[in-house]
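Participant: Here it is: the structure, laid out below.
The values are calculated or read from the model by the stated rules, or taken from the named source; none is laboratory data. Because the structure is predicted, anything quoted here is derived from the model rather than measured. So basically every Cβ, Gly included, is an ideal-geometry build from the backbone, and we count neighbours across all protein chains shown.
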Amino acid sequence: MTHYDVVVIGAGLAGLTTACQLAQSNQRVLLVATGIGALVLASGCVDVLGFQPADSTEPVKNPAGKLNDFLVEQPDHPYQVVGQANLEAGVQAFLKLVNQNGLEYQGDLTRNWLLPSAAGAIHPTCLAPASLAKGELSTGESMLIVGFSQMRDFYPALISQNLNEQDLVKAEPCLIDVTIPKAGKVDVMPLEVAGAFEMADFRRQVVSAVKSKSKGYSRVGFPAMLGLYHHREVVADLEKQLDKPVFEISALPPSVPGRRLYEGLKQAFLQAGGRLIIGGKVADGTIEAGRVSQIRLETVNRLKPIQANNYVLATGGIFGGGLEAHQDGTITEQIFGLPITEETNRHKWFNKNFLSPYGQPIFNYGVKVNQQLNPLNGSDAPLAENLYAVGAILAGSEWTRGRTGEGVALATAAAVVKQIV
C-alpha cells in the first residue's frame, strides 16, 4: 500500500494552495478530487474583504485596516480561528506561488482593486491578475468595452451604462461582428473565445474592428477570455496593435482567469513532485483512536485504501460537493461523516431576499474546527488529530458576507501548512 506524508482531498483554491505549499516543503503529497474544483466558477481574483459592514454599498479600500471591525460583527467567521497573521502569510505565499509560475497577480492586503464586474458594478478585490487590474476604476481613465455579436453572455452596453451612471469612468460599448473560429452558431463558450484569441489572424481581425473606435479612449476592455495558455502573449500583441492598454472584465462562468489559475497551480504542484488524481472519488475515511487511519478511493473494480500521516479536507461546502443537504433537514459531510452545525428547519436555510448582502444561512453551515483546524466532535475535542479542514467546508464561511471567500481559502491553507511542516 502506498503511503504519503499528506493526502489533500479537493482541488479548489484551498486544496491546491495547501498541496502546493506542502509539496514545495518536501512533503510527499497526494491530491485527489472528483473534478477540477470551483475555480472555474470564480473570477480568478482573490477577495479578502470587499464590504464592511456586509450590507454597505461602499467597498472596502484597505482590507487589513477593516478586518478587526469585520470580526467584531462576524464572530463566527473562519478569520476568527486563523487570525490576521495566517491571512497575511496566506496572501504572501499565494503571490509567490503564482508569480513564480507566470500568472502575474498584483496587490496586497492594504488596498483593494476596484474593478468593473460583468454587470458594471464595482468588484473590490485584494489580488488580481495584471490583465484585470488594468481595469482599475479609481484612475478615472476612460474605456472602450468590447463584446462580440456571437456571444450572448457579455453585455458591453449594460456594463458601460452602469459604470457611467455611477460616474466612475467614461465608458462606451463596442459590439463587433468577428467570426469566432470553432464556435457554435448560437452559444459561444468562453474557452472557445480564449482559443480564438491565441490565433494571430483572429487578433488582427479584432484589432481591425476596434482600432478606429478606440480613438479618444485611454484603454480597451475585453471579456476575460484573452487566451488560456498564451495569455501574456495575447495581451502584449493586442496592446502593441491597438497602441494602448488592454484589460479584461470578468464574465459569467466558466471563468477563463479561474481556469488559468487552476492550470498554474496544478503545474506548480506537479513540478514540486506532487501526485495528482482528478476524477477519483474518495468513498470514505476511517477514524480510529483519534486519528484517520485511511481513506478509500473508488477505482474501476474496488475501493483502494490510501494511508498518510496527515489528511486535509478541502472538498468545499454545498457548491463544492463537500456537504450534501437532505429533505429531512440534515446536512452531511460526505467522506468522514463529520458533525455539521445546521438548522433542521429547511425554511430557515434561506433568506427571503435572494440577493441579501449577508448571504444565505445554508452556506454558513459546515464543519467546526479548533485553532489547529482539526474538526471537532461536537464539543471542544478534535475528532482526529491528523485531520484538518480548510476553505469553504468550514462553518461560517459564507463568502458573500463581506466577500471573503478566497481569503478564507488562503488563510486556512497557510495555517494548516504551519501545523504539518
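Participant: Working only within segment 335-380, note down all residues that are under 22 Å from the mean Cα position of the chain (by Cα) and either in a loop (DSSP other than H, G, I, E, B) or not assigned by TED's automatic domain parsing to the domain that holds Thr315 (or both).
Facilitator: If the condition is that a residue be under 22 Å from the mean Cα position of the chain (by Cα) and either in a loop (DSSP other than H, G, I, E, B) or not assigned by TED's automatic domain parsing to the domain that holds Thr315 (or both), then Phe354, Leu355, Ser356, Pro357, Tyr358, Gly359, Gln360, Tyr365, Lys368, Leu373 are the ones that fit.
Participant: Moving to a separate point now. Quick check on my filter: what residues within segment 207-228 are surrounded by fewer than 22 Cβ atoms within 10 Å (Cβ to Cβ) and either of a type outside the set (Ser, Thr, Tyr) or at pLDDT below 95 (or both)?
Facilitator: Val207, Ala209, Val210, Lys211, Lys213, Lys215, Gly216, Arg219, Leu228 - these are the residues of segment 207-228 that are surrounded by fewer than 22 Cβ atoms within 10 Å (Cβ to Cβ) and either of a type outside the set (Ser, Thr, Tyr) or at pLDDT below 95 (or both).
Participant: From Phe354, Phe350, which residue is hydrophobic (A, V, I, L, M, F, W, C) and touching a helix residue (DSSP H, G or I) at 6+ places or on another chain (Cβ under 9 Å)?
Facilitator: Just one listed residue meets the conditions, Phe350.
Participant: A further question follows. Which of the residues that make up segment 104-133 are in a loop (DSSP other than H, G, I, E, B) and buried (at least 23 other Cβ atoms within 10 Å of the Cβ)?
Facilitator: Asn112, Cys126
Participant: Tell me which residues, restricted to segment 384-404, are at pLDDT below 95, over 14 Å from the mean Cα position of the chain (by Cα) and either closer than 25 Å to Asn309 by Cβ or not hydrophobic (A, V, I, L, M, F, W, C) (or both).
Facilitator: Passing the criteria: Gly396, Arg401, Gly402.
Participant: Additional query: Give segment 31-43 a look and list any residue that's buried (at least 24 other Cβ atoms within 10 Å of the Cβ) and either at pLDDT 95 or above or farther than 22 Å from Thr400 by Cβ (or both), or say none.
Facilitator: Correct list: Leu31, Ala33.
Participant: Return yes or no: is Pro173 at pLDDT 95 or above, surrounded by fewer than 21 Cβ atoms within 10 Å (Cβ to Cβ) and farther than 30 Å from Asn68 by Cβ?
Facilitator: Answer is yes for this residue.
Participant: What residue, among those in segment 89-102 that are touching a strand residue (DSSP E or B) at 6+ places or on another chain (Cβ under 9 Å) and surrounded by 17 or more Cβ atoms within 10 Å (Cβ to Cβ), is farthest from Tyr262 (Cα to Cα)?
Facilitator: Taking the candidates together, the pick is Val91.
Participant: Quick one: which of Gly290, Gly264, Gly320, Gly273 is in contact with a helix residue (DSSP H, G or I) (Cβ under 7 Å, 6 or more places away or on another chain) and at positive phi?
Facilitator: Gly273
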